[in-house]
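The values are calculated or read from the model by the stated rules, or taken from the named source; none is laboratory data. Small disclaimer: the values here were computed from a predicted structure and weren't measured. Ideal geometry is used to build each Cβ from the backbone, glycine not excepted, and the neighbour counts take in all protein chains shown.
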């Protein structure tokens, strides 16, 4: 029997327009009314996730910025772990001058970027936050929850990932949330760590968790859950890494809501 339903957002629960559809909203509310605990686990900034939660008018746990901040059912911050100041400085200096890559930062309630070229996979409409330009000479490197690099030059991003792993190893947690978005957080946290913490708080076993995702930043929470489901539109690397996971529908056609409705409500 499953008691916790954990879902990623972009590419998973959200539509192709990065929104919650009316049908998905209805199914989530029915599941909560039936007694399930719902967890939203995303790389998104906590401000955007709190807005989504308020829009749905529901009580859920939230794992934000890939686990850097975790919120309980009462919207209270119950866990926070930011990047070390020296590591943040090193990461932000790596590709600051590279015009093919956008360096992006989540710090407290702010969002910083070093360039806003659309060809670098820049999507400002995905956040409620208004970005500010990053000036390393005047920047305070404390309280950074996540640093991420976006580009349509996938080869450069992959080489950057290998470089960061070689230099920082387990001091950071690094994954692609999508082919054009490389995300880095503290090595002490992840979505999986967040799920373990929530299970401990609720006194519920990980075996009673069903988890749904689509990117490599979802791998660890999928791998520790009682049941792992991945999207039809998932990263091929995730499908390869989790051959036993059930492949469900596409996020374009409410794949998560359709699946959960059939499994738990009909």
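Observations, loosely collected:
- In segment 81-96, residue farthest from residue 41 (Cα to Cα) [restricted to those that are out of contact with any helix residue (DSSP H, G or I) (no Cβ under 9 Å at 6 or more places or on another chain) and surrounded by fewer than 17 Cβ atoms within 10 Å (Cβ to Cβ)]: 86
- Each residue in segment 242-266 was checked for being touching a residue at least 60 places away in the same chain (Cβ under 8 Å) and not in a helix (DSSP H, G or I), and 1 of them qualify.
Yes/no per residue for (1) farther than 15 Å from residue 65 by Cβ; (2) assigned to a loop (DSSP other than H, G, I, E, B); (3) in contact (Cβ under 8 Å) with a residue 60 or more places away in the chain:
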residue: 105; (1), (2), (3): no, no, no
residue: 111; (1), (2), (3): no, no, yes
residue: 119; (1), (2), (3): yes, no, no
residue: 130; (1), (2), (3): yes, yes, no
residue: 137; (1), (2), (3): yes, no, no
residue: 140; (1), (2), (3): yes, yes, no
residue: 146; (1), (2), (3): no, no, yes
residue: 152; (1), (2), (3): yes, yes, no
residue: 157; (1), (2), (3): yes, no, no
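- Residue among 239, 196, 227 that alone is over 28 Å from residue 83 (Cβ atoms) and in contact (Cβ under 8 Å) with a residue 12 or more places away in the chain: 227
- Flag for residue 161 being under 28 Å from residue 101 (Cα atoms), in contact with a strand residue (DSSP E or B) (Cβ under 6 Å, 6 or more places away or on another chain) and in a helix (DSSP H, G or I): yes
- Scanning segment 164-193 for residues that are free of Cβ contacts under 8 Å to residues at least 40 places away in the same chain and touching a strand residue (DSSP E or B) at 6+ places or on another chain (Cβ under 7 Å) gives 165, 174, 182, 187.
- Applying the criterion of being farther than 23 Å from residue 239 by Cα and modelled with pLDDT under 95 to the residues of segment 141-187, the residue that is nearest to the chain's Cα centre (by Cα) is 170.
- Residues in segment 14-30 that are over 24 Å from residue 193 (Cα atoms) and assigned to a helix (DSSP H, G or I): 22, 23, 24, 25, 26, 27, 29, 30.
- Residue check for residue 97: farther than 22 Å from residue 49 by Cβ and at pLDDT below 95: yes
- Given (1) under 14 Å from residue 12 (Cβ atoms); (2) surrounded by fewer than 21 Cβ atoms within 10 Å (Cβ to Cβ); (3) touching a helix residue (DSSP H, G or I) at 6+ places or on another chain (Cβ under 6 Å), number of the condition residue 214 does not satisfy: (2)
- Within segment 31-74, the set of residues being in contact with a helix residue (DSSP H, G or I) (Cβ under 8 Å, 6 or more places away or on another chain), in a helix (DSSP H, G or I) and closer than 20 Å to residue 255 by Cα comprises 31, 52, 56.
- Of all residues in segment 1-27, those that are within 22 Å of residue 127 (Cα to Cα) and touching a strand residue (DSSP E or B) at 6+ places or on another chain (Cβ under 8 Å) total 8.
- Residues of segment 97-109 satisfying the condition of being surrounded by fewer than 21 Cβ atoms within 10 Å (Cβ to Cβ) and over 18 Å from the mean Cα position of the chain (by Cα): 97, 98, 99, 100
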